[in-house]
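Worksheet: the structure to be examined is printed underneath.
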Amino acid sequence: MQLFVSSSGIRAILLFQVVLFTLASTAQVKRLYIANDDHTDYMWTADEAKYDTAFVQMLDYYLDQIDVTKSNPDDYQARFNCDGGYWLTVYEKYRTPQQFKRLVAAIKSGHISSPLTALANTYGAQPTEAVIRGMYAAGKMERKLGIRFRMAVAMENQTLPLGLSSLWAGSGARYSWKGVCACATRITKSNFRSRRHQLYNYTGLDGSKVIMKWNNLGINNTYMGGYAEARGGVKPKDTLEGIKTMIRYLDTLCSPGNTYAHLAAGAFGYGWDDLATFVSPFFIEAARSMTTATRKIRVSNEEDFFKDIEKNYPILPSESVSYGNEWDTYSVSLNETTAKVRRATEQLRNAEALASVIGLKNKTFYKKMADARNGAWEGYGLYWEHDWTADGPVSQKDRADWQVKIQERISAYSDSLLTNGISELGSQLKKAANPRFYVFNALSWTRNDVADIPYTGKYPCDIVDLATNKPVTSQLIYKSGKPFIRILAENIPSVGYKVFEIRTGQGRTGLPDAATLEGYYLTNNYYRIKINGAGVLTEIYDRAANRQLVKAVKGTFVNDLGVTEKNPGSPVTIEDTGPVSVTVKAVAQYPVPHTVRVTLFSNQPRIDIEDSIQANFTELQTWSFSFNLDKPTTRHEELGSVLTVKTETNGGHYAAQNARYDWQTFNHFADLSEDNYGVTLSNEDCSFFRLGNSKPDSLDETASQIHALAGGQTDRYVVTPAGRKDTTRLGIASQNGQTDFKYRFSLTTHSKAFDPVDAMKFSLVHQNPLVTGMVTGSAAARDVKTFSLLNISDPGVLLWSVKPSDDAGASSLTTRFWNMKDKKTQPLVALQTGIGKAWITSHLETIESEVKPSNGKLTMSFAPFQIKTYQLLAGPDK
C-alpha cells in the first residue's frame with residue numbers, strides 16, 4: 001500500500017487545527033512523538049552484505065522522503081532514526097562524497113538521527129575501555145562533520161549495567177531509550193510491565209546522567225516498552241492503523257491518573273526483526289490525522305522528545321542500579337574468541353603508552369597505523385552486537401566465523417602496535433658494547449615487579465640496573481619452550497622505563513629460591529599453599545594474618561574446575577625456580593583435560609594462576625574459588641564503576657526488581673571482604689562470575705564463593721504457555737569447535753577493609769606485565785638510563801589510558817583518568833616535557849573546553865568515582 005498526502009492538503013488541515021488549538025487554549029496539550037527506525041539485527045536477520053545494502057537503500061529512500069516533505073509543516077516532515085552509528089560508516093563507504101554530504105545535511109537539519117553507539121550491543125561482557133573504543137568511530141565522525149551525537153542505545157536485551165551511564169555521559173550522550181524483547185529470558189515477564197520509572201535519569205556513581213525512556217511493556221515487543229514501539233503489532237495488516245494504535249496508547253499514557261505523569265510521550269522504533277522498512281508516509285499521515293486541539297503529534301528524530309523533557313520536566317527521578325546480565329552472557333559460548341578481544345583491549349594499555357613515549361621523537365609512528373586502528377575501533381562497535389542468541393536466519397557457523405573475523409581485526413591492531421612499539425623504542429635508545437634492554441611501565445605509579453626478556457646467550461650472567469649501577473636479582477625461565485631472563489625490576493617509573501645491561505658474570509649468587517616445594521605444599525614468605533594434582537588449591541595459609549583462606553563449599557576449593565577426586569594423579573612438578581619466582585605445574589584429565597600453573601614471588605604477596613583447557617567442551621564450565629570468610633561483602637568492577645553485589649534494599653548496587661542476578665560482570669577484579677580482612681581476585685579472561693548459589697531471580701549476597709565462567713551456553717529457551725520445549729540452547733554450540741582455552745587469575749589478601757584503589761592497582765599490575773625490549777639504537781640515539789613521561793599527585797586517581805590523540809598531532813596525548821575514591825579531588829598532573837595546552841574532551845576525544853596549565857602542569861578536577869578524559873599538548877622533548 002502506498003500512501004501520499006499533498007503538501008497543500010496538509011497546510012489546509014493545519015490551519016483548521018490552529019483554530020481548534022485557539023478554541024481550546026485553556027486545555028493542556030499532550031505532545032506525542034512517533035519515531036521511525038529499522039531495528040538492526042546485524043548478522044541475525046541477514047548477513048553483512050545484505051544488511052549493508054539495506055542500510056544504503058533505506059537511507060536513500062528516507063533522504064528522498066525528506067526532500068519530498070520539506071515544505072510540509074515541521075511536525076509532518078519525514079524523519080528517520082538510525083539505531084547505530086555504523087549506518088553512517090556503511091553509507092559513506094558505498095556512496096559518493098556528494099551523496100554522503102546530502103546525508104550529513106539531513107543529520108544537521110535534524111531529519112536523520114544517529115547514536116554514538118555503533119549497533120545495538122550487549123554491554124555486560126565488555127571491558128570498560130572496549131565500550132569507549134566501540135564509540136570512537138562516532139567521535140571521529142563528530143569532529144570530521146562538525147556535529148555532536150547525543151543519543152546512545154542498548155536495545156532488546158532485558159538487562160542494563162549501572163556503569164554504562166557514566167561511560168555514555170562521558171562520551172557526550174545525553175539521551176537513551178530502551179525497549180526489551182521479553183523473549184529468551186529468565187526474568188518474569190510481569191516485571192517488564194511494572195517498571196518503577198518509565199522516564200528517569202540513568203545516573204552513574206559519579207553523578208553523571210543520561211535521560212532514559214524505558215516504558216512498561218505492552219502486549220508484546222512491538223508495543224510500548226518493546227524495541228519496535230511504534231509498530232502496533234508483530235505483523236500489522238494495516239501499517240497506518242498500527243501506528244495510530246500506538247498514538248492512542250500514548251494519549252492514554254499522558255492522561256490524568258496514569259503514573260507516567262508527563263504530557264510528553266514517545267513511541268520509538270518500527271523495524272522489529274525486518275531487514276528493511278519503507279514506511280515514511282504512514283508516519284506523516286498518522287501524525288497529521290491524529291493531531292487534535294489537545295493532542296499534538298510529531299514525526300520525531302527522538303532527540304526532539306528529550307529536549308522537550310529537558311525543558312518542561314527538568315527534575316526527573318534517578319536510578320543508579322545494575323539490572324545484571326542476560327544476553328550479555330552469550331558471548332562466552334565463544335569464550336576463547338571473546339577472551340582474545342579482552343586481552344587485546346588490556347594490551348592496548350601498554351601499547352598506547354609506548355606509542356605516547358615514542359611519539360616525542362617519532363612524529364609519524366602512530367599515524368602510520370591509522371587504517372588498522374580505525375578498523376579496530378569499528379570492530380569494538382560490532383563484536384558485542386546483541387544477537388549472540390545465534391538462533392536466527394543466519395547460521396551459527398556463519399555468526400561464529402564473523403565474530404572470529406572481528407576479533408582478529410582487533411587483536412591484529414593491538415599486537416602490531418605493541419610489537420612495533422617495542423622495536424621502535426629500542427631503536428631510540430643508544431646501544432653499547434654489552435647487550436642492553438629496557439623495562440617499560442605503562443601504569444601511573446612506580447613499580448617493583450618481575451620483567452622477562454627473551455635471551456639465548458650464556459647464563460648465568462650479571463644484569464645491571466644502569467640508573468643505580470647495581471646488579472639485580474635474576475633467573476632463567478622458559479615460556480613455551482623458549483628461554484627468558486626474569487629479573488626483579490625495581491623502581492620502574494610512572495609511564496616510563498629503565499635501561500639494564502647484560503654483563504659477563506655469575507649473577508647474584510647465594511640467594512634462596514623464592515619458594516620451596518615439599519610434596520603438595522608450595523611455601524614462600526607470604527603464603528603456604530597446598531596444590532593437588534589437578535591444580536586445585538585446597539589450602540592457602542596467609543602467614544602474615546595467621547589464618548587459613550580456603551574453605552570448601554559444596555566440595556569445591558580454589559581454582560576448582562569441578563574435580564571430584566581432590567588428590568588425583570601425581571603431585572605437582574616444578575617448572576621454573578629461582579630467587580625471583582617459582583612456578584609449579586599440574587596436569588589433569590577431568591572433568592576436561594586441563595593444565596594449571598601456579599607462581600609465587602619473592603617480593604610480593606601474590607599468587608598467580610595460569611589455567612588452560614585443552615579440549616572442546618559442550619557443558620557449562622566454571623573455575624570455582626571458595627574462601628574461609630564469614631559472610632563477606634563482594635565488590636567487582638562492572639564497567640566504569642565498582643559495584644557492591646547486594647540489592648539496593650540491602651545497601652548494594654543491584655536493582656531490587658526487574659533484574660537478573662546469576663552472572664555478575666567480571667572485569668579486572670572481584671573482592672570478597674569481611675570488615676578487616678579479604679581477598680582480591682584479579683581476572684583477565686573471564687567475562688562473568690556467579691556469586692555463590694545466586695540464581696536468575698535471587699542473589700546469594702553473603703556467599704564466600706565465586707564461580708568464574710570458563711565458557712558454555714548459559715541459557716536455553718524457557719518453556720512458554722504455548723508449550724515450547726526447553727531444548728534450544730542460546731549462543732554458539734560447543735564453542736564452535738575450539739579446543740584451546742586460556743585463563744589467568746591472580747590472588748592476594750589484605751588485612752584491612754576493602755579499598756577499591758588497592759584492588760584496581762593489584763589487578764592492573766597483574767594484567768599489565770612490565771614490557772621489555774632490546775636496545776638497538778645507533779650512536780646518535782638517546783643515551784638515557786631512566787625516563788618518566790607522566791606523573792599524577794593523587795595516588796587514588798589512576799591513569800586509565802594514555803595514547804597519541806587520533807586526529808591531533810603527534811605531540812597531543814589523550815589521557816584518561818579514573819578517580820577510584822568516593823570524594824572529589826584536584827590532582828596535579830605533569831609531563832616530562834611540560835604541558836603546553838590542555839583540553840577537557842569527551843571520552844571519544846571530541847574537545848569540550850580548554851583548561852589552562854600553570855608552569856607546565858595541570859590541575860585536574862574529578863567528582864567522586866569519575867572517569868575523565870583530557871587532551872594534553874606536550875611541550876618539546878628534552
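The values are calculated or read from the model by the stated rules, or taken from the named source; none is laboratory data. Keep in mind that this is a model prediction, so the values were computed, not measured. Heads up, the Cβs are rebuilt from the backbone with ideal geometry, glycines too, and the neighbour counts pull from every protein chain shown. The accessibility values were calculated without ligands, DNA or RNA, using every heavy atom of the protein model including side chains. Shrake-Rupley method; radii C 1.70, N 1.55, O 1.52, S 1.80 Å.
Side notes on the structure shown:
So that you can scan it fast, the table gives a plain yes or no per residue for (1) of a type in the set (Val, Ile, Thr); (2) open to solvent by less than 20 Å² (accessible area, probe 1.4 Å); (3) in a helix (DSSP H, G or I):
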position	(1), (2), (3)
Ser331	no, yes, yes
Thr337	yes, yes, yes
Lys340	no, no, yes
Val357	yes, yes, yes
Thr364	yes, no, no
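- For region 384-412, a residue qualifies if it is among the small types (Gly, Ala, Ser) and out of contact with any Phe, Trp or Tyr (no Cβ under 8 Å at 6 or more places or on another chain), and the qualifying residues are Ser395, Ala400, Ser411, Ala412.
- Of all the criteria given as (1) out of contact with any helix residue (DSSP H, G or I) (no Cβ under 8 Å at 6 or more places or on another chain); (2) without any contact (Cβ under 8 Å) to a residue 60 or more places away in the chain; (3) surrounded by fewer than 21 Cβ atoms within 10 Å (Cβ to Cβ), the one not satisfied by Ser416 is (1).
- Scoring Glu575 on the criteria (1) without any contact (Cβ under 8 Å) to a residue 60 or more places away in the chain; (2) in a strand (DSSP E or B); (3) open to solvent by 10 Å² or more (accessible area, probe 1.4 Å) leaves a single failure, condition (1).
- Region 821-835 residues that are farther than 21 Å from Ser811 by Cβ, paired with ones that are open to solvent by 20 Å² or more (accessible area, probe 1.4 Å) and part of a strand (DSSP E or B) (beta carbon under 8 Å, 6 or more apart): Gln826/Thr859; Pro827/Ile792; Pro827/Thr859
- Residues in region 849-872 that are in contact (Cβ under 8 Å) with a residue 12 or more places away in the chain, open to solvent by 40 Å² or more (accessible area, probe 1.4 Å) and within 27 Å of the chain's Cα centre (by Cα): Ser861, Phe865, Gln866.
- Residue in region 692-708 that is open to solvent by less than 10 Å² (accessible area, probe 1.4 Å), of a type in the set (Ser, Thr, Tyr), assigned to a loop (DSSP other than H, G, I, E, B) and closer than 26 Å to Ala182 by Cα present: yes
- Counted residues, region 178-207 - those being closer than 15 Å to Leu316 by Cα and either in contact with a Lys or Arg (Cβ under 8 Å, 6 or more places away or on another chain) or among the β-branched types (Val, Ile, Thr) (or both): 5
- Considering the conditions (1) within 30 Å of Tyr677 (Cα to Cα); (2) modelled with pLDDT under 95, Val719 is excluded by exactly one of them, (1).
- Boolean, Gly232 is surrounded by 20 or more Cβ atoms within 10 Å (Cβ to Cβ), small (Gly, Ala, Ser) and free of Cβ contacts under 8 Å to residues at least 40 places away in the same chain: yes
- Among (1) touching a Gly at 6+ places or on another chain (Cβ under 7 Å); (2) in a helix (DSSP H, G or I); (3) open to solvent by less than 20 Å² (accessible area, probe 1.4 Å) - the single one Trp388 does not satisfy: (2)
- Residues of region 126-145 satisfying the condition of being in a loop (DSSP other than H, G, I, E, B), out of contact with any Phe, Trp or Tyr (no Cβ under 6 Å at 6 or more places or on another chain) and over 23 Å from Asp52 (Cα atoms): Pro127
- Selection count where residues are in a loop (DSSP other than H, G, I, E, B) and open to solvent by less than 10 Å² (accessible area, probe 1.4 Å), scope region 80-91: 2
- Being assigned to a strand (DSSP E or B), surrounded by fewer than 21 Cβ atoms within 10 Å (Cβ to Cβ) and hydrophobic (A, V, I, L, M, F, W, C) holds for only one residue in Phe484, Phe440, and it is Phe484.
- Among the residues of region 802-825, those identified as over 16 Å from Arg143 (Cα atoms) and of a type in the set (Gly, Ala, Ser) are Ala810, Ser811.
- Residue in region 491-509 that is open to solvent by 10 Å² or more (accessible area, probe 1.4 Å), closer than 14 Å to Val596 by Cβ and not basic (Lys, Arg) present: no
- Near pairs, Cβ below 7 angstrom, 6+ apart or cross-chain, from region 392-412 (closer than 12 Å to Asn736 by Cβ and aromatic (Phe, Trp, Tyr)) to any residue that is outside any helix (DSSP H, G or I) and open to solvent by less than 60 Å² (accessible area, probe 1.4 Å): Trp402/Met43
- Qualifying residue in region 440-447 (condition: in contact with a strand residue (DSSP E or B) (Cβ under 9 Å, 6 or more places away or on another chain), within 30 Å of Leu798 (Cα to Cα) and among the charged types (D, E, K, R)): yes
Matching residues to (1) assigned to a strand (DSSP E or B); (2) open to solvent by 40 Å² or more (accessible area, probe 1.4 Å):
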| residue | (1), (2) |
| --- | --- |
| Val592 | no, no |
| Thr599 | yes, no |
| Asp611 | yes, no |
| Glu619 | no, yes |
| Trp623 | yes, no |
| Ser626 | yes, no |
| His636 | yes, no |
| Leu672 | yes, no |
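- Flag if Asn667 is open to solvent by less than 10 Å² (accessible area, probe 1.4 Å), part of a loop (DSSP other than H, G, I, E, B) and touching a residue at least 40 places away in the same chain (Cβ under 8 Å): yes
- Exclusive hit being on the phi < 0 side of the Ramachandran plot and over 18 Å from the mean Cα position of the chain (by Cα), set Asn374, Asn335, Asn362, Asn325: Asn362
- Filter pass, Ala433 being touching a Leu at 6+ places or on another chain (Cβ under 9 Å), more than 22 Å from Ser602 (Cβ to Cβ), in a loop (DSSP other than H, G, I, E, B) and of a type outside the set (Ser, Thr, Tyr): no
- Restricting attention to region 771-811, the residues that are closer than 19 Å to Leu429 by Cβ, among the charged types (D, E, K, R) and open to solvent by less than 10 Å² (accessible area, probe 1.4 Å) total 0.
- In region 457-479, the count of residues that are under 35 Å from the mean Cα position of the chain (by Cα) and either under 20 Å from Asn434 (Cβ atoms) or open to solvent by less than 20 Å² (accessible area, probe 1.4 Å) (or both) is one or more.
- The residue that is nearest to Thr583 (Cα to Cα), counting only those in region 735-758 that are in a loop (DSSP other than H, G, I, E, B) and touching a residue at least 40 places away in the same chain (Cβ under 8 Å), is Asp740.
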